[in-house]
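The values are calculated or read from the model by the stated rules, or taken from the named source; none is laboratory data. A quick note: this is a predicted structure, and the numbers were derived from the prediction, not measured. Positions of Cβ are backbone-derived with ideal geometry, glycine not excepted, and every protein chain shown enters the neighbour counts. Surface areas here come from the heavy atoms of the whole protein model, side chains and all, with no ligands, DNA or RNA. Shrake-Rupley method; radii C 1.70, N 1.55, O 1.52, S 1.80 Å.
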Amino acid sequence: MSKRTTSHNLNERYEMVIAILEERCSINSLIKNKGISKSALKSWIRKYNANGIEGLKESRGWKVY
């Protein structure tokens, strides 16, 4: 079973996404400074654009398709 959590809390994820969207920071600089993968960061941006801050909350269950 995979680990489905992150070491970054909701507020940290939000701040990183907003910094990128407001062009205060680049994706590459956050990857280096925060130790996060590019795919995770892009996923957070996609989720934020789709669902706002609710999209950045960690899932506690499996989605039913």
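Tabulated values for the structure
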{"quantity": "Residue in segment 50-65 that is surrounded by the fewest Cβ atoms within 10 Å (Cβ to Cβ), counting only those that are touching a residue at least 12 places away in the same chain (Cβ under 8 Å) and of a type outside the set (D, E, K, R)", "calculated": "Ser59"}
{"quantity": "Conditions (1) open to solvent by less than 90 Å² (accessible area, probe 1.4 Å); (2) modelled with pLDDT under 90; number of the one not met by Ser37", "calculated": "(2)"}
{"quantity": "Selection within segment 1-17 - modelled with pLDDT of 90 or more and open to solvent by less than 50 Å² (accessible area, probe 1.4 Å)", "calculated": "Arg13, Met16, Val17"}
